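Enquirer: Pasting in a structure now, in structure tokens, and then I'll have a few things to ask.
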Amino acid sequence: MNTFSYHFKRNIIITFALLHLANYFIKSTFLFYVCCGLLTYIFISAVRILPKVTRRISLALMLMGIGLMVWKGMPFDAWLLSIDKNGNLVTLFILVPIMFLPFSYDDYQKELKHVAQAHMQNLLPFCVLTFAVVHIFGVVISVGAVTLVYELFRNNAKLYNAEKTFMASLLRGYCSSGYWSPAWASILVVTTQMNIPWIQFIPWGVGFFLIALALDTIAVWFKIRQNPDKYPRLKTDEHVKVDWKQIYILIGLSSSLILIMALLSQITPWDLMVIIPLVSIVFPIAVALLQNKLPNYKLGIKEYYDKSVLKVMSQVALFTAAGFLSKALEYSGVGAMIPNLLPIWMSQYPVLLIGSIMLLMIVPSLVGLHPVAIGTALVATIVPASIGLTDMGFALTIIVGWALAILISPFSATSLIAGGLCDCSPWEISLGLNGKFGFFNVIFFSILIALINGLF
């Protein structure tokens, strides 16, 4: 790749993100047109280099949207609005990797590893630690948490002879971050399209995380009880010392990041999808100045430019296409028919209704259709009251269904990454490790959300 080509695509992607973010405040028609043009170029460039499954899904979603727009003879401005439907979401995914730079300024991961070596003598607390750590990292660094925590703890998992059990807890813990993490597309779609403040999801999300942790702990306990001789008890490594100061700094960074976003969402009228990119730009350099880590910040920015920018192209393509189709469904009137997929009589049985909505996202994901396509369409077209649900009940249904679809689908980025890490097929990682657990969660959370729905 020549120097011009190397820099051109990266600069186009970053330019789009910065201009789109700026135009949220400027409201310039000219900048809107420029951003639509840049996003179209990025989409076309992306589909040429995507993996086959993602390329086919992105093109199928876009072509369906184009077909609906042509059928209805929509004007040029409507096409631009459709292209830009998920523009804020795309901007977020481009800029959000910068947010995580402060977590690389020191070797915090080494101290987490020391905690496991010094204090985890049997498999059950080790899996609890894995679940909790990957959840926290998942909240702030999204899918990157899977690789990070896997590399941290994989050698410990081998000592317990429990690599698959470790991977199952790892993936469950990561997907539980989708119940409230602002880095997850499900939260962003729900908060922006349903006008529910993100801060309202935090107590529910934390509560759902604790429930998911309890369910995973019970599942691991049963596995150990069925075959107790398989998982040895380790001796404490007395030579390992934990630098608790580093652990406290890590907790402080994570808490500060979440609190800053929560505060901005309360005191400003800005969308969460605008707050997160702004925090992504400001937070790392502020921490670098406070910790005197500017050289680390510069190295992180260089690595972001070299490695991270082009990695978001699959997400850019997928979310651009899903947003375009969502807007086309709205313009064409076809979207209004989607609620008819749920029979009227289901509103009398909220548990069945909620479970069916979750399965509408989960089942198509098993053949490669990302939940962003179904989830976005459901949120855009269904009025919760018309099917007997409150706004919060419907929102929680979408969020949980989306997270479980990511957990169970062999085509999700999470399953593909995990499969590559442990040299297993995505089918073995998704349905093999978490199929029963995932579908049990559908039943459990359908009952729980039905009870919550009755409280409002």
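Enquirer: Give the number of residues within segment 69-113 that are under 18 Å from the mean Cα position of the chain (by Cα) and surrounded by fewer than 20 Cβ atoms within 10 Å (Cβ to Cβ).
Expert: 0
Enquirer: Identify, from the list THR376, THR397, THR390, the residue that is among the polar types (S, T, N, Q), within 12 Å of ILE449 (Cα to Cα) and under 19 Å from the mean Cα position of the chain (by Cα).
Expert: THR397
Enquirer: Within segment 82-99, does at least one residue satisfy the condition of being in contact (Cβ under 8 Å) with a residue 24 or more places away in the chain, within 22 Å of ILE374 (Cβ to Cβ) and in contact with a Lys or Arg (Cβ under 7 Å, 6 or more places away or on another chain)?
Expert: For segment 82-99, residues in contact (Cβ under 8 Å) with a residue 24 or more places away in the chain, within 22 Å of ILE374 (Cβ to Cβ) and in contact with a Lys or Arg (Cβ under 7 Å, 6 or more places away or on another chain): present.
Enquirer: Oh, and also: Name every residue in segment 372-400 that is assigned to a loop (DSSP other than H, G, I, E, B) and hydrophobic (A, V, I, L, M, F, W, C), in order of residue number.
Expert: Residues satisfying the conditions are ILE382, VAL383, LEU389.
Enquirer: While we're on this one: Can you tell me which of (1) surrounded by fewer than 24 Cβ atoms within 10 Å (Cβ to Cβ); (2) under 12 Å from the mean Cα position of the chain (by Cα); (3) hydroxyl-bearing (Ser, Thr, Tyr) is the one TYR150 doesn't meet?
Expert: If we test TYR150 against (1) surrounded by fewer than 24 Cβ atoms within 10 Å (Cβ to Cβ); (2) under 12 Å from the mean Cα position of the chain (by Cα); (3) hydroxyl-bearing (Ser, Thr, Tyr), just (2) comes out false.
Enquirer: Which of the residues belonging to segment 216-233 are surrounded by fewer than 15 Cβ atoms within 10 Å (Cβ to Cβ) and not basic (Lys, Arg)?
Expert: The answer is ILE218, TRP221, PHE222, GLN226, ASN227, PRO228, ASP229, PRO232.
Enquirer: It is to be established whether one or more residues within segment 386-405 are surrounded by fewer than 20 Cβ atoms within 10 Å (Cβ to Cβ) and within 27 Å of LEU63 (Cβ to Cβ).
Expert: No, there is no match, as no residue in segment 386-405 is surrounded by fewer than 20 Cβ atoms within 10 Å (Cβ to Cβ) and within 27 Å of LEU63 (Cβ to Cβ).
Enquirer: Still on this structure, please answer the following. Quick one: in segment 6-35, of everything that is in contact (Cβ under 8 Å) with a residue 60 or more places away in the chain and more than 20 Å from LEU272 (Cβ to Cβ), which residue is surrounded by the most Cβ atoms within 10 Å (Cβ to Cβ)?
Expert: So the residue we want is ILE13.
Enquirer: Do the conditions hold for LEU210, that is, is it assigned to a helix (DSSP H, G or I), free of Cβ contacts under 8 Å to residues at least 24 places away in the same chain, more than 21 Å from VAL133 (Cα to Cα) and aliphatic (A, V, I, L, M)?
Expert: It is false that LEU210 is assigned to a helix (DSSP H, G or I), free of Cβ contacts under 8 Å to residues at least 24 places away in the same chain, more than 21 Å from VAL133 (Cα to Cα) and aliphatic (A, V, I, L, M).
Enquirer: Restricting to segment 423-450, name every residue that is surrounded by fewer than 17 Cβ atoms within 10 Å (Cβ to Cβ) and either outside any loop (DSSP other than H, G, I, E, B) or hydroxyl-bearing (Ser, Thr, Tyr) (or both).
Expert: Of everything in segment 423-450, those that are surrounded by fewer than 17 Cβ atoms within 10 Å (Cβ to Cβ) and either outside any loop (DSSP other than H, G, I, E, B) or hydroxyl-bearing (Ser, Thr, Tyr) (or both) turn out to be SER425, TRP427, GLU428, GLY432, GLY435, LYS436, PHE440, ILE443, PHE444, ILE447.
Enquirer: If you check PRO295, PRO277, which single one turns out to be over 27 Å from SER169 (Cα atoms), over 28 Å from the mean Cα position of the chain (by Cα) and either modelled with pLDDT of 85 or more or in a helix (DSSP H, G or I) (or both)?
Expert: Criteria check complete, one pass: PRO295.
Enquirer: Considering only residues of segment 401-414 that are in a helix (DSSP H, G or I) and without any contact (Cβ under 8 Å) to a residue 60 or more places away in the chain, which is nearest to TRP221 (Cα to Cα)?
Expert: Filtering first and then ranking leaves ILE408.
Enquirer: Of all residues in segment 264-280 being loosely packed, with under 15 Cβ neighbours inside 10 Å and touching a residue at least 12 places away in the same chain (Cβ under 8 Å), which is nearest to ILE66 (Cα to Cα)?
Expert: Among them, the one singled out is TRP270.
Enquirer: Can you pull out the residues in segment 328-338 that are surrounded by 15 or more Cβ atoms within 10 Å (Cβ to Cβ) and modelled with pLDDT under 85?
Expert: Within segment 328-338, LEU329, GLU330, TYR331, SER332, VAL334, GLY335, ILE338 meet the criteria.
Enquirer: Let me ask another. Tell me, yes or no, whether segment 292-309 has at least one residue that is surrounded by fewer than 20 Cβ atoms within 10 Å (Cβ to Cβ) and on the phi > 0 side of the Ramachandran plot.
Expert: Taking every residue of segment 292-309 in turn, at least one turns out to be surrounded by fewer than 20 Cβ atoms within 10 Å (Cβ to Cβ) and on the phi > 0 side of the Ramachandran plot.
Enquirer: Could you count how many residues in segment 69-82 are of a type outside the set (Phe, Trp, Tyr), in a helix (DSSP H, G or I) and modelled with pLDDT of 90 or more?
Expert: Qualifying residue count, segment 69-82: 7.
Enquirer: Is one or more of the residues making up segment 156-169 touching a residue at least 12 places away in the same chain (Cβ under 8 Å), within 15 Å of the chain's Cα centre (by Cα) and surrounded by 15 or more Cβ atoms within 10 Å (Cβ to Cβ)?
Expert: no
Enquirer: Before we move on, is LEU369 outside any helix (DSSP H, G or I) and not basic (Lys, Arg)?
Expert: yes
The values are calculated or read from the model by the stated rules, or taken from the named source; none is laboratory data. These numbers were taken from a predicted model, which means no experiment stands behind them. Cβ coordinates were reconstructed from backbone atoms using ideal geometry, including for glycine residues, and neighbour counts include every protein chain displayed.
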